[in-house]
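Novice: I'd like to ask some things about the structure below.
Quick note: the coordinates plus some simple rules give every number you see, no bench work behind them. Note that the structure is a prediction, hence the values are computed from the model and not measured. Every residue, glycine among them, receives a Cβ derived from its backbone with ideal geometry; neighbour counts consider all protein chains shown.
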Amino acid sequence: MYHRNTVFSILACLLFLVVFPAAARTQERAGLDGSWTLYGGYGVSHKDFGETRVEVHVLDMIPQYDLVLLDNIGASWYRGHHSLLVELPLTLVVDPVVSPMVGVNILGAWTFDANEKWQPYFFGGGGILYTGADIPGLGSEVNGNWQFGGGIRLRLASGNRLKFEYRFHHISNAGTVEPNDSINSSKFLIGLTF
């Protein structure tokens, strides 16, 4: 029951972060172009944190599409924009086994854009993840994941943005299959927006 309530809460938050701003989107902003970011990074699980029983090391490559839903919200230092982020994460587990993981994530993000050069942001959401890795305690090949984190965007002279990001990442099968030891990890990513 606990896992179903957690899944329901995550889905409700995603619905609020994605659907509500889309419904409130103004007509003049309807034609906003999105941008792409390509991330690379490293992640490691937190052994004995929650139900995580093993230390897992991964390398990530994440193409991400960023669609601005609401722009120029607020004033002063907290002025910003709300985005919908769609990702196709490609992850290579390098320890305790070598195996790929692939998935789809939908995230909601807020970016503070009062400063043209340095722009902090935070985000949250989740998705579906497939893994063929034989990780002890992970009882299913198809799992859900949720994540949250933040980072900072640096505007380059070329107009592109360099992004430095931290994510807390959770993987489990929501109690649909036993065993269901979750993998709770931290990811450190660097991305380039184009």
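Novice: Give the residue that is farthest from ARG161 (Cα to Cα), with candidates limited to residues of the stretch 115-136 that are surrounded by 15 or more Cβ atoms within 10 Å (Cβ to Cβ) and among the small types (Gly, Ala, Ser).
Specialist: ALA133
Novice: Same structure, new question: Which of the residues belonging to the stretch 137-194 are buried (at least 16 other Cβ atoms within 10 Å of the Cβ) and touching a helix residue (DSSP H, G or I) at 6+ places or on another chain (Cβ under 6 Å)?
Specialist: TRP146, ALA174
Novice: Restricting the search to the stretch 133-160, which residues are touching a Leu at 6+ places or on another chain (Cβ under 8 Å) and in contact (Cβ under 8 Å) with a residue 60 or more places away in the chain?
Specialist: If the condition is that a residue be touching a Leu at 6+ places or on another chain (Cβ under 8 Å) and in contact (Cβ under 8 Å) with a residue 60 or more places away in the chain, then GLY144 is the only one that fits.
Novice: Out of the residues in the stretch 144-194 meeting the condition of being among the acidic types (Asp, Glu) and assigned to a loop (DSSP other than H, G, I, E, B), tell me which one is farthest from GLY126 (Cα to Cα).
Specialist: Here the residue is GLU178.
Novice: Could you look through the stretch 110-139, keep only residues that are assigned to a strand (DSSP E or B) and small (Gly, Ala, Ser), and pick out the one that is farthest from the chain's Cα centre (by Cα)?
Specialist: Selected residue: GLY127.
Novice: Let me ask you something else. Could you list, in sequence order, all residues of the stretch 47-103 that are within 26 Å of ALA133 (Cβ to Cβ), part of a strand (DSSP E or B) and of a type in the set (D, E, K, R)?
Specialist: Those that are within 26 Å of ALA133 (Cβ to Cβ), part of a strand (DSSP E or B) and of a type in the set (D, E, K, R): ASP60, GLU87, ASP95.
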